[in-house]
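These notes are about the structure you will find just below.
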Amino acid sequence: MRAAVAMLVTLLGAVSVSRAYGQTFSISIPNGLDRPAVDPGGSAIGTIVISSSSTGTLTNPIGLACSLSSGPATTNPPVCTVSPVSETGPGSASLTITTSNGTGVGLYSFTVTGTGGGTQTLSLNLTVQPLSQDYTLSATPTTAVPNPVAPGAVATTTVSIAPIGSYSGHQVTLACLSVTPVVTAAPTCSFQPTSGSGAVRVTSGTPATATLTITTFGPVPVTGLRTRRIFYALWLLIPGVALAGATKSGKRGKKLTAIFFLVSLGGGVLLMPGCGSSTATNSPNGMSTPKNTYVFTLTGADENGAAPSNTTADAATVSITVN
């Protein structure tokens, strides 16, 4: 009898566990962190939203946790906490990432986990850096236009320099850190500030912009006159004079007309190369940019040599396809 009761209790327990973990849910941080970067010693917060994959309320609490998944080696890494650590959905919980003065500068990644009816995870990033003097680069669109292009054509996009914190009054010189793949006659890049020329002036609060021009190498159609136009005009007057004289000179005029006609025809043939289209190239070595998709990594340096905070992590890139 006791064995039968024990078996019944075990079966009931198995059924309740199955129901407890039979629910489906999802977690998200729809608004992200309240700030993408903090000073060492600063903190960032976000809201975790728990949603039911079916209608109604979840029957069992969802356990929540947050942990550091990657980042620079440091003796004082950021700490990620969640409150409350258990919540019955639909609902929400607060997430806080706290750093200390000794937290190393760099990009840190965190994993948020929800358990109950399965396991759900999501990732988020936080940059730790001195915010008093810094800036970031971005490109819009990230694919230069027009795209694709033929060898010898150009494409453009807009690069933005966004100041962080009190970064203001600096001159940033933009450059392309690299272009991949590495080929002969690879595309080149150049920058033109929206205002002024040379370096881009950055003031606090408003991103400064510049136009990035990507130049490929190849044939460039050229049409033009190689000799002064007045010479062609005078040459074309000769047949007209001949015809006018022929109408008044009878047989002798006809002979002159024939002679002038032959001279005009020969001159026209000789002068044809002087007017028409030809093909040149903008390549210094005569080679064309190979067909491929090229990716440019952007960087910059201000008058103090400071590079953008996203030079190594989440660097700004622009692509172009040559076909």
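The values are calculated or read from the model by the stated rules, or taken from the named source; none is laboratory data. Bear in mind that the values here come from a model prediction, so they are computed numbers and not experimental data. Cβ coordinates were reconstructed from backbone atoms using ideal geometry, including for glycine residues, and neighbour counts include every protein chain displayed. The area values use the complete protein model at the heavy-atom level, side chains included, leaving out ligands, DNA and RNA. Shrake-Rupley method; radii C 1.70, N 1.55, O 1.52, S 1.80 Å.
Sorting T119, T143 on solvent-accessible area from highest to lowest, probe radius 1.4 Å, gives T119, T143. Net charge near S168, counting Lys/Arg +1 and Asp/Glu -1 over other residues with Cβ under 12 Å of its Cβ? Result for the neighbourhood of S168: -1.
Near I62, the amide H atoms lying under 5 Å from its own belong to E87, T88, G89; only residues 5 or more places off or on other chains count, and H is placed 1.01 Å from N.
All other residues with a Cβ under 15 Å from the Cβ of S309 taken together, and with Lys, Arg as +1 and Asp, Glu as -1, what is their net charge? Surrounding charge for S309 is -3. For T312, no residue 5 or more places off, or on another chain, has a built amide H under 5 Å of its own.
D302 sits with roughly 10 Å² accessible to a 1.4 Å probe, with DNA, RNA and ligands left out of the calculation.
Taking 7 Å steps out from each Cα toward its Cβ at A65 and S168 produces label points 4.6 nm apart.
Across the range 78-203, Cα-Cα distances exceeding 20 Å account for 66% of all pairs.
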